[in-house]
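Colleague: The structure's right below; bear with me while I get my questions together.
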Amino acid sequence: MDQDTDTSPAPAGKKRARHRAPAADKPLRTGRFAAGLALVLAIIAMLASGYVGWLVNSKRGLTDAKGRLFQVEQETAQLNELSTQMSQQLGTLRETQETLKSGVLALHDEIGKGRRTWLITETENLLVIAQHRLAYARDARQALAALRVADRQLQQLGDPDFLPVRKLLESEILVLESYERLDLSGMAQRLGQLSARVHTLTLAPDPKPRAEDSATGGEQGFLREVWKDLRNLVSIRTTTDVRRPLLLPEQKYFLRENLRLMLYGAQVALLHGDFTTVELNTKAARQWLRDYYDVGTPAVQSATAQLDAILKIRAVDLPDISTSLKALREIIARRTAS
C-alpha cells in the first residue's frame, strides 16, 4: 500500500509492473470483502440471536411479572377483604367500647349516688342516736361524739344544700360542750362509790339514859313514889333536842341497806336528769347520816360533804339538739319529691 502511494518518479520497468498489480490484487480484495461480509453477517447474527434471547427473556420476565402481578392482585384482594373484616371488627369494637363506657359511667353514677345516699342515711342515724343518748341516758359525751361524726360526714359530701344543717350542728355541739362541763356522770359515779362503802361508815353509839330519869327516891316514902309515878304518866317538856330512836341490832342492817338503796336511787335519777328525785334522796340520806351515824368520824364527814356538793346542783334543762335532724329530714324529703 505504501508503494502505491509513493509519488516519486520510477523507472519504466517499474511502471509496467505497476500496471500488472491490480490484476493480481483482485482475488485478494474479493477475499477481504467476503471476510468482511462474513464478519458483518456474524455480527448481525449475533445481534439477532441476542435480540431473540432478549425477546425470549423479556417474554419470560413478562410472564413472570404477569404471574407476580396476578399474585399481587390476589394478595391485594385478600388484604382488601381482610381490611374490610378488620374495619367491621373495629366498628364492632368501637360499639362495644361505647357500650362499656356508658355502662362504666352509669356504674360510677350509681356508686356515687349510693355512697352519697349511704352517707346521708348514716348522718341521719347518728343524729337520732345523739338525741336518744341525751334524752334517755343523759349521756352528753356520747351524744357530742355522734354529732361531731355527723358533721364530718356532711363535710365529706361537700354538698352546699347541707350547709344549714352544718350550721345547726355547730351550735348544738357548742351547747353540748357547755352541758358536758357539769360532769353529771362524775357525780353519779361518786354517788355509786359512796353507796358501795356505806357498810364502812360508823354508826352512832346508843344514847345513855338520863340521870334524872334513873334516879330513885329510896329515902322517900311509899306515897311519894306513888305520887311521882302518877305525875310521870303525863310529862310536858320544853326542849329543842330531838331524841334519836334506839335501833335494834337487826334494824341496823336494814338502815344500811335502805341508805344504800337511797343513794343508788339518787345516782340513777341524776343520770336521767330527774333532779327532784336527786334532791329528795340526797337530803334524806344526809339526814340519816346525821341521825344514825357518828358525824365525828372522817368517813361520815366526807360522805356528808359529798352529799352537800350534790345538793348544790340546780336543775338544768337538756339542750335541744333536734333542729339539725329536722332540717336534714326536710332536705331529704325535698330531694325525694323532686
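The numbers here are math on the coordinates, done by the rules we state, and not lab data. Since the model is a prediction, treat every value here as computed from it, not as a measurement. When we count neighbours, we look across all protein chains shown, and the Cβ atoms used for this are built from the backbone with ideal geometry, even at glycine.
Colleague: Net charge near residue 169, counting Lys/Arg +1 and Asp/Glu -1 over other residues with Cβ under 15 Å of its Cβ?
Modeller: -4
Colleague: Report the calculated FRET efficiency for residue 332 and residue 287 (r = Cβ-Cβ distance, R0 = 56 Å), to the nearest 0.05.
Modeller: The value I calculate is 0.55.
Colleague: Another question, if that's okay. Take the alpha carbon atoms of the stretch 32-110, find their center, do the same for the stretch 279-338, and report the distance between the two centers in whole angstrom.
Modeller: Here the two parts' Cα centres lie 101 Å apart.
Colleague: Next up: Sort 63-72, 147-156 for me by packing, meaning the mean count of neighbouring Cβ atoms within 10 Å per residue, highest on top.
Modeller: Highest mean packing first, the order is 147-156, 63-72.
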